[in-house]
There are 2 protein chains.
Amino acid sequence: MVETTHPGNIGAAARVMANLGLADLRLVRPRVFPAQDATARAAGAEHILEQATVCDTLEEATAGCSFVIGATARRRTVGSPLLEPQNAASRLIEASRHGSTALVFGQEAAGLTNEHLDLCHSHVRVGVEDDFPSLNVATAVAILIYEVRRQSYSHAPSEDNGCEIDPRLKGTVPMTVSEFERLMEHLERVGHRTGFLVGPRTRLLRKMRRLLRQGVCSQADINIIRGVLTSIEHTIEKGEASGER
Amino acid sequence: MVETTHPGNIGAAARVMANLGLADLRLVRPRVFPAQDATARAAGAEHILEQATVCDTLEEATAGCSFVIGATARRRTVGSPLLEPQNAASRLIEASRHGSTALVFGQEAAGLTNEHLDLCHSHVRVGVEDDFPSLNVATAVAILIYEVRRQSYSHAPSEDNGCEIDPRLKGTVPMTVSEFERLMEHLERVGHRTGFLVGPRTRLLRKMRRLLRQGVCSQADINIIRGVLTSIEHTIEKGEASGER
């Protein structure tokens, strides 16, 4: 981060770096650092702040890097290609196989100067609305790191991040087709009893089947619905019995 | 945003919404709002704050929505599928063709409660490091909106991109959150009547909610289930009336 004015932004950037698995923060001539605001906004990511390197020039900060991308709000930059976040991230990931890489962010109001941008191999611009383009620098850090992480994970082999396994099936016994068919027969019996079904195989029953098929997936689910149906039958029978008395 | 503690986070969220082209911010019981911190962090996006709707409940805030995704830090949630940002964004984009959609964010420290998550059709978790998982809420807003925008633009214009339209929704009117909540209230009434529910808000009711949520997606679906419930009520009443005679 180059010449950052508000230390809160340094803290916020440190926090999202820690969230998303980065650790090496370099600060080029920050206006105030260390600072209480930075520590507060880091919200526990003080280790990133404590290990941060403070440098005099961007050249010094990126000296060991083989690939550097500078973030800019400009629609046109000179010298190096201007990429979208997706392309920038994929080049960064590719380059990181061969050496150190860096993402560079400028001062809040002015952004990176031409001299800074000249030090970068590529430039990246987060697409924003024309009528409200001013992106907070820590938000830009978050979005670009997120994009790098997203692509790193989606390219990675056999990565299980805990998502996308149907959570409804965890620790349950899946239902079989015939268990579901018994459920539908039970529903059909109750349907005739209460009069919401008329005739043998109604269109309504097919719709109910479709509705339940989406949500019911385990034996425990089947038991819930069958329990409900049984309680309805009992309530109706009790009413009828008292009517016969 | 639900029960947001720090108004600065509301402002930061408003700013990134304006950057990325969203305008409709709804605040459920914010601790302080309007607030100087919110305005400061909005950095020019005051129009989003001024137009923001303050609501008493999440149900009220999402009443007109046909698809709602809740952001959570939990690795497991009950009831609805837990998605990664990419899948969450693509479902949101898809659903937005049929009706209003919402992304929901909880209180900074506690996140969304189970009751809030129950109101959502899906849940989303931004992948973070296990040893530093606490993502700032405005950062989560930024990442998820960025992901939605990224996909909207890359899939862009009106072309058949292989994204399947939910066949269940063809030619139907999507249900809203409040229509579904009325259905659950009807179910609860019948449940107490027949005795399958005991007490005010049982675990069983939550499970029923989950089962129905997966399958019920249109107003026609709602009408089917409510028709069934009404027929059960009538049958029970008839039995009781004959008992009283």
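The values are calculated or read from the model by the stated rules, or taken from the named source; none is laboratory data. What you are looking at is a predicted structure, and each value in this text was computed from that prediction instead of being measured. All Cβ positions, even for glycine, are placed from backbone atoms using ideal geometry, and neighbour counts span all protein chains on display.
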Residue check, residue B:54 within 18 Å of residue B:210 (Cα to Cα) and not in a helix (DSSP H, G or I): no
Sole residue being in the same structural domain as residue B:150 (by TED's automatic domain parsing), part of a strand (DSSP E or B), modelled with pLDDT under 95 and hydrophobic (A, V, I, L, M, F, W, C), chosen from B:78, B:68: B:68
Options A:23, A:61, A:73, A:14: the member that is touching a Gly at 6+ places or on another chain (Cβ under 6 Å) and in the same structural domain as residue A:128 (by TED's automatic domain parsing): A:73
Output for segment A:216-225, where each listed residue is closer than 16 Å to residue B:187 by Cβ and either touching a residue at least 40 places away in the same chain (Cβ under 8 Å) or not assigned by TED's automatic domain parsing to the domain that holds residue A:188 (or both): A:216, A:221, A:225
Number of positions in segment A:182-215 that are of a type outside the set (S, T, N, Q), more than 22 Å from residue A:236 (Cα to Cα) and touching a Gly at 6+ places or on another chain (Cβ under 8 Å): 5
Segment A:7-24, residues that are touching a helix residue (DSSP H, G or I) at 6+ places or on another chain (Cβ under 7 Å) and over 12 Å from residue A:149 (Cβ atoms): A:7, A:8, A:9, A:10, A:11, A:12, A:13, A:14, A:15, A:18, A:23
Of all residues making up segment A:1-27, the number that are polar (S, T, N, Q) and surrounded by fewer than 22 Cβ atoms within 10 Å (Cβ to Cβ): 1
Unique residue being assigned by TED's automatic domain parsing to the domain that holds residue B:95, at pLDDT 85 or above and either over 18 Å from residue B:90 (Cα atoms) or crowded, with 19+ Cβ neighbours inside 10 Å (or both) when the list is B:183, B:144, B:187, B:229: B:144
Qualifying positions in segment A:128-148 - within 7 Å of chain B (Cβ to nearest Cβ) and within 27 Å of residue A:59 (Cα to Cα): A:134, A:135, A:136, A:139, A:142, A:143, A:146
Test result for residue B:115, part of a helix (DSSP H, G or I), without any contact (Cβ under 8 Å) to a residue 60 or more places away in the chain and more than 13 Å from chain A (Cβ to nearest Cβ): yes
Residues of segment B:28-45 that turn out to be more than 13 Å from chain A (Cβ to nearest Cβ), over 20 Å from the mean Cα position of the chain (by Cα) and surrounded by fewer than 23 Cβ atoms within 10 Å (Cβ to Cβ), as a count: 7
Among (1) within 23 Å of the chain's Cα centre (by Cα); (2) more than 21 Å from residue A:144 (Cβ to Cβ); (3) within 14 Å of another protein chain (Cβ to nearest Cβ) - the single one residue B:3 does not satisfy: (3)
Within segment B:104-121, considering residues that are closer than 18 Å to residue B:214 by Cα and of a type outside the set (S, T, N, Q), the one farthest from the chain's Cα centre (by Cα): B:115
Filtered residue count, segment B:46-59, keeping only those that are farther than 14 Å from residue B:120 by Cβ and surrounded by 15 or more Cβ atoms within 10 Å (Cβ to Cβ): 5
Residue pairs meeting the criteria (Cβ under 6 Å; at least 6 apart or on separate chains; first over 24 Å from residue B:119 (Cα atoms), in segment B:36-60; second assigned to a loop (DSSP other than H, G, I, E, B)): B:48/B:25
Segment B:14-24: number of residues that are within 14 Å of chain A (Cβ to nearest Cβ) and assigned to a loop (DSSP other than H, G, I, E, B): 3
